[in-house]
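Before any comments, here is the structure.
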Amino acid sequence: MRDYLFLLLGIPAGIVSNGIYQYLKIFTSRRIDRIKLEGVWGEHMGESGERQCSIGEIRYDLRRRMWAFDGTNYHNDGRPYCHWVTLTSYFDNEKREFYYTFSNTLAETGQTGYIGFGVLRFRRQDRKWVPDRGFFISGTEGESYRSHSVVPLERIPDNPQEAHAVFVAQLGMPEN
């Protein structure tokens, strides 16, 4: 009988203890290590070439049950070159790095161009961790590895003229 009494008291005590633990875990993680993953982000490759800038959006996609970083790589004049869609992703909380594989579709032909792998690294800013730098490895001939800066943007531009203006004003692309 005594064993049943301990069991009956132990179950509620375990549930309450777990609830307190979960509350403290969430409370401390929100105060200490907030991570700003969602948003519109601009990328500048920093090297010369015809396609120096990309703009993408990171959001949690409920349908795919993962964080998705989908976006567009542009010609320097603002015309879309290709669109990428995240196939898989993983966020490493310890290293504060976001890893993703993507499929690329060429804007002009609508054909899938290649599969690639990307990484975003984070830095601390205003009590949050935000994307700072990254790189991707892709199957495009002559562009196997490219590193880039990451800059938060208000929104995705609507047309090539707006995109070019964002590249120059916010992403640091030199005016040609």
Of the residues that make up region 136-151, is at least one part of a strand (DSSP E or B), in contact with a Lys or Arg (Cβ under 9 Å, 6 or more places away or on another chain) and without any contact (Cβ under 8 Å) to a residue 60 or more places away in the chain? yes
Which condition number does Thr140 fail, the rest of (1) out of contact with any Cys (no Cβ under 9 Å at 6 or more places or on another chain); (2) over 15 Å from Gly42 (Cα atoms) being met? (1)
If we keep just the residues of region 121-176 that are among the acidic types (Asp, Glu) and more than 19 Å from Phe91 (Cα to Cα), which is farthest from the chain's Cα centre (by Cα)? Glu175
Does at least one position in region 63-70 carry a residue that is crowded, with 20+ Cβ neighbours inside 10 Å, within 18 Å of Thr105 (Cα to Cα), in contact with a Pro (Cβ under 8 Å, 6 or more places away or on another chain) and aromatic (Phe, Trp, Tyr)? no
What number of residues within region 46-62 are exposed (fewer than 13 other Cβ atoms within 10 Å of the Cβ) and of a type in the set (Ser, Thr, Tyr)? 2
Search region 124-136 for residues being surrounded by fewer than 18 Cβ atoms within 10 Å (Cβ to Cβ) and out of contact with any Phe, Trp or Tyr (no Cβ under 7 Å at 6 or more places or on another chain), and hand back the single one that is modelled with the lowest pLDDT. Arg127
Go through (1) out of contact with any strand residue (DSSP E or B) (no Cβ under 9 Å at 6 or more places or on another chain); (2) in contact (Cβ under 8 Å) with a residue 40 or more places away in the chain; (3) surrounded by fewer than 13 Cβ atoms within 10 Å (Cβ to Cβ) one by one and return the number of the condition Arg79 breaks. (3)
If you check Gly14, Gly56, which single one turns out to be out of contact with any Leu (no Cβ under 8 Å at 6 or more places or on another chain) and either among the hydroxyl-bearing types (Ser, Thr, Tyr) or more than 25 Å from Phe98 (Cβ to Cβ) (or both)? Gly14
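The values are calculated or read from the model by the stated rules, or taken from the named source; none is laboratory data. These numbers come from a predicted model, not from an experiment. We place every Cβ from the backbone using ideal geometry, glycine too, and count neighbours over all the protein chains shown.
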